[in-house]
Structure formats: structure tokens, C-alpha cells
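Asker: Mind looking over this structure? Questions follow.
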Amino acid sequence: MQNQFDPRTKATGYDPAVSVGVPRAARDAGLRSYMLSVYNYMASGVLLTGVVAMLFAKSSLINLIINPATGQSTPLFWIVLFAPLALVFALSFGINRMSAGTAQMLFWLYAGLIGVQFSSLFVVYTGASIAQTFFAVAAAFAGLSLYGYTTKKDLTGWGSFLIMGVVGIFVALLINIFLQSPALQLAISAIGVLVFAGLVAYDTQKIKSMYFVVAGHGEAMAKSAIMGALTLYIDFINMFLFLLRFMGDRR
């Protein structure tokens, strides 16, 4: 799922030429600080998700979302499943009307709810295979994001193709709910890993370009960093979920 806070497409009143006349060393230092805040938010969100997932999975709290007698999802699971989607829409469409503090709170809430969702993975897959997949995705994410940050190639052309890929993936997932085809599921997972890997590089470059639009405007920079972190977080967890279907050992 893609969601962007892109001041270039909104009537923020900020001047994209704000960095004109600013020494390059200062711009570079500001960019590094901005990107570091994006990565810190994103990494903290992933950490919160992992901690919440493990706490739920290792305690009786898991019974709140998985019926221990039948192994089926409880009504609360479906609430937890769709609540993060509502938060994404709230952030995406309301970011310009809320404070940076509110946006930050919603981001943490989103990461925590995803953690509750992910606790069910420990029921299906072994802890070792989940950890192995996580570290594989973390290494791939670091490399892809570094490429997106440092490459001189304009990745803008990737955007439409990758978004179409995301839409196609979720349409195929809906179709496979009825078909229950293992072969189609594997194909979807393979394509999903590739699409979200591409999105990591693409989104990193786009987030980098946003800095030059919001630079010098503290509140806008803070909110842009949060939304950039949310975008990369979503790329990360989707790549993790699709790769887990390959690397995960079922219990």
C-alpha cells in the first residue's frame, strides 16, 4: 500500500527554492539529518512492531485474536486487521491539518497494531524462520535504500509501474482467496518481494527529494519525515510478509 506526504502536490505555501543561496555543505548536513530522522522513525516503528508481536505471541494475549480451541481468528483480529488501514488514510489525507505530535502518535499506534497482527505469525511459523526472514529483509532493505539515496539515476519512471504492480498483487490475492491455488500464491509472493524491493529504492529517492521542498520549515519537515518513515515501514513489512512465505518454516 502506497501513501505519500508529498508537499509538491499540496497547497502548503512553501517555496521549493528555499535552499537557493544556502551553502552546499549546509544543505548536505540538513539532508543527512532529515534522512536520519526518517530512518530513526522507521526503525523504531519496526522495533515496536516486533516487541508487541513477541509479547502477544508469548502470552495469553494471543488468545484475544486467535481462538485457542479452534485456531480461528476472533472478531478482535479483524478489527486489528482493518484499523491500521484507517490510520493510514487518516495520516495520508489529514497530515496537513494535524500537528507533528499527532502524526507521530498515529504512527506509533499504527506500528503497534501491526505488531498485534504479526503475533499470529508465531502461531503459523517457527520463531527461527521468522528471525531469519527478518534479518534477510533488513539486509536487503539497507542495500536498496542506500541505492535509492545515492544513485544519480532518476527513478521517477519506476513509480507508475510499481504502483500498478501493487494493485495487481492485491487483486490477485483477493482472487486467490477463492481459488486457493498454492502455485498462484507462490507467484504472488515472488512478485510481491520484487515490487516492494523496487519501492524501497524508489521511495527513498522520493523522500530525499522532499527534503528540498520542506527544508527550513520545521513543522513541515517533521511531518514529512514521519510520512516518509511510514512509507518505508510499509515497504519493509510487505517485503517481509511476502518473503516469509518462501523462507518461513511452518509449525
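The values are calculated or read from the model by the stated rules, or taken from the named source; none is laboratory data. Predicted, not measured: the structure shown is a model, and the values here were computed from it. All Cβ positions, glycine included, derive from the backbone under ideal geometry; neighbour counts span all protein chains shown.
Asker: Which condition number in (1) part of a loop (DSSP other than H, G, I, E, B); (2) crowded, with 20+ Cβ neighbours inside 10 Å is the one that L155 fails?
Answerer: (2)
Asker: Moving to a separate point now. Would you be able to say whether some residue in segment 112-131 is assigned to a helix (DSSP H, G or I) and over 19 Å from F240 (Cβ atoms)?
Answerer: Going through segment 112-131, the residues assigned to a helix (DSSP H, G or I) turn out to be 112-118, 121-124, 127-131.
Adding the requirement that they be over 19 Å from F240 (Cβ atoms) leaves none.
No - not one qualifying residue is present in segment 112-131.
Asker: Which condition number in (1) touching a residue at least 24 places away in the same chain (Cβ under 8 Å); (2) closer than 24 Å to G248 by Cα; (3) among the hydroxyl-bearing types (S, T, Y) is the one that T151 fails?
Answerer: Unmet condition: (2).
Asker: Let me ask something additional. Those residues that are within 24 Å of the chain's Cα centre (by Cα), crowded, with 17+ Cβ neighbours inside 10 Å and aliphatic (A, V, I, L, M), I need them from segment 32-87; list them, please.
Answerer: M35, V38, M42, V46, L48, V52, A53, A57, I62, I65, V80, L87
Asker: Okay, moving on. Limited to segment 207-232, what total is found for residues that are more than 18 Å from the chain's Cα centre (by Cα) and of a type in the set (V, I, T)? Working first, answer last.
Answerer: As a first pass, look at segment 207-232 and keep what is more than 18 Å from the chain's Cα centre (by Cα): 209, 211-221.
Add one more test, that the residue is of a type in the set (V, I, T), and what stays is 213-214.
Going through segment 207-232 one residue at a time, the tally reaches 2.
Asker: Considering only segment 194-212, I want to know if a residue exists there that is basic (K, R), within 26 Å of G115 (Cα to Cα) and in a helix (DSSP H, G or I).
Answerer: Our first condition is that a residue be basic (K, R); within segment 194-212, this holds for 206, 208.
Next, only the ones that are within 26 Å of G115 (Cα to Cα) stay: none.
The answer is no, given that none of the residues of segment 194-212 is basic (K, R), within 26 Å of G115 (Cα to Cα) and in a helix (DSSP H, G or I).
Asker: Please tell me if I163 is touching a Leu at 6+ places or on another chain (Cβ under 9 Å) and exposed (fewer than 15 other Cβ atoms within 10 Å of the Cβ).
Answerer: Numbers: touching a Leu at 6+ places or on another chain (Cβ under 9 Å): yes; exposed (fewer than 15 other Cβ atoms within 10 Å of the Cβ): yes.
Criteria met by I163.
Asker: Now, a different point. Need the failing condition index for G71 against (1) at pLDDT 90 or above; (2) more than 22 Å from T204 (Cβ to Cβ); (3) of a type outside the set (D, E), just the number.
Answerer: Against the list (1) at pLDDT 90 or above; (2) more than 22 Å from T204 (Cβ to Cβ); (3) of a type outside the set (D, E), G71 comes up short only on (1).
Asker: Output the residues belonging to segment 48-87 that are closer than 18 Å to I237 by Cα and of a type in the set (S, T, N, Q).
Answerer: Answer for segment 48-87, where residues must be closer than 18 Å to I237 by Cα and of a type in the set (S, T, N, Q): just T49.
Asker: Does F141 satisfy the condition of being touching a Phe, Trp or Tyr at 6+ places or on another chain (Cβ under 6 Å), modelled with pLDDT of 95 or more, closer than 19 Å to A229 by Cα and of a type in the set (F, W, Y)? First the steps, then the outcome.
Answerer: Numbers: touching a Phe, Trp or Tyr at 6+ places or on another chain (Cβ under 6 Å): yes; modelled with pLDDT of 95 or more: yes; closer than 19 Å to A229 by Cα: yes; of a type in the set (F, W, Y): yes.
Judged against the criteria, F141 is a match.
Asker: May I pose another question? Looking at segment 172-193, is at least one residue exposed (fewer than 14 other Cβ atoms within 10 Å of the Cβ) and closer than 28 Å to S37 by Cα?
Answerer: For segment 172-193, residues exposed (fewer than 14 other Cβ atoms within 10 Å of the Cβ) and closer than 28 Å to S37 by Cα: absent.
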